Amino acid sequence: MVTGAAGFIGSALSLKLLERGDDIVGVDNLNDYYDVNLKLARLERLKNYQNFKFVKLDIADKQAVDTIFAEGNFARVVHLAAQAGVRYSITHPDAYISSNIVGFMNILEGCRKYAIEHLAYASTSSIYGANTRMPFTIHDNVDHPVSLYAASKKANELMAHTYSHLYQIPTTGLRFFTVYGPWGRPDMSLFMFTRNILEGKPIDVFNYGNHRRDFTYIDDIVEGVVRVLDKPAAANADWSGDLPDPGTSHAPYRIYNIGNNNPVNLLVFIETLEKCLGKTAVKNLLPLQLGDIPDTYADVSDLVNDLGYKPNTLLEDGISHFVEWYKAFYKITE
């Protein structure tokens, strides 16, 4: 089962798994947080596969989740459905409790009740919060989130560990770092910048452009998720309660960063986009927004050591692929 199958990462992951022959049940509630038509278009790419079934379902609905687990006979679950967005969590906190806390609880209960062999789930780079030591490593404490979104994902990691400990369910949390690429989310910077630049509108540049982000291309994220999914989390035999490692455990529980391991200044990111579009942006420079963290930078050494994988798509290539998709999808011919 892939939850959030109509989402940016969920649809791309489902496509990859379907192409290799896996049977997938995709779940999504198709909410209107952003353009539902984009979500439906992503699903259309999947519906051509006979090994794909879509179920419209809200993960906060306990009975509906239990029913799909009972009927699905799933071996593994990739849980990507969530209320995303740092800024939205400031104005709509209830949505994060319903989807990210209650919904995740329902998924964990399904995994427990139906003996799932591995649960891989989305966490976020936002979880590092007030941490400033770079690069961000899974072995550092992350108890100082600065948004409710990040706090809800920290809660997910804690809940997963509890179930791994109590019921020996292998769980792996994936801290994604600023995912971008074709079929992306309209609330993300690349999408908004592209739209406004093409329409001749100013773009809002927060923190006066001094952000640094570890932009990670969608194909790199998907490859990382697949590798993680195929290697269920195992207990760390060297784990010690005297010196507890946050990234591993005595239980079958793991955390991984999936990032490009190469932070890019936001103004450089915009310059790269301008080159790909052949247009110059009008920048509206603004202060740091509430809930944002200034920099993200992923230490991916555990991903490399355990799974032999490191994201490697160049920013110029990734942005170029996005621009090509955007113009084709929205039929922009200029």
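Below are the figures for this structure:
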{"item": "Stokes-Einstein diffusion coefficient of segment 141-264, Kirkwood radius over Cα pairs, 10 °C, 1.306 mPa s, in µm²/s", "result": "94"}
{"item": "Net dipole in debye of segment 180-318 [+1 Lys, Arg Cβ; -1 Asp, Glu Cβ; about Cα centre; nearest 20]", "result": "520"}
{"item": "Residue among Ala150, Gly247, Tyr121 farthest towards the positive dipole end of segment 106-263, charges placed on Cβ", "result": "Ala150"}
{"item": "Carbon and sulfur %, accessible surface of the chain computed with the full protein complex present, 1.4 Å", "result": "51"}
{"item": "Percentage, to the nearest whole number, of Cα pairs in segment 48-180 over 25 Å apart", "result": "29"}
{"item": "Segment Lys62-Ser98, length gained on full extension (0.36 nm per residue, minus Cα span)", "result": "11.8 nm"}
{"item": "For the chain: span of alpha carbons on each principal axis (Å, largest first)", "result": "55, 48, 38"}
{"item": "Total charge dipole magnitude, the chain, about the Cα centre, Cβ charges on Lys, Arg, Asp, Glu only, Debye to nearest 20", "result": "540"}
{"item": "Accessible area per residue, Å², segment 69-132 with all protein chains present, probe 1.4 Å", "result": "38"}
{"item": "Net dipole in debye of segment 111-258 [+1 Lys, Arg Cβ; -1 Asp, Glu Cβ; about Cα centre; nearest 20]", "result": "300"}
{"item": "FRET efficiency, 1/(1 + (r/R0)^6) with R0 35 Å, evaluated for Asn31 and Asp238 via beta carbons", "result": "0.25"}
{"item": "Calculated FRET value between Glu117 and Thr280, using beta carbons and R₀ = 51 Å, to 0.05", "result": "0.45"}
{"item": "Derived scalar couplings ³J(HN,Hα) [segment 51-59; Karplus, 6.51 cos²θ - 1.76 cosθ + 1.60; whole Hz; x for Gly, Pro]", "result": "8, 10, 10, 9, 10, 7, 7, 9, 5"}
{"item": "Relative contact order, percent, segment 234-334 [alpha-carbon distance under 8 Å, six or more residues apart]", "result": "27"}
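The values are calculated or read from the model by the stated rules, or taken from the named source; none is laboratory data. Keep in mind it's a predicted model, so treat the numbers as computed, not measured. Every residue, glycine as well, gets a Cβ built from its backbone with ideal geometry; the counts of neighbours run over all protein chains shown. Quick note on the areas: whole protein, heavy atoms, side chains included, nothing else; ligands and nucleic acids left out. Shrake-Rupley method; radii C 1.70, N 1.55, O 1.52, S 1.80 Å.
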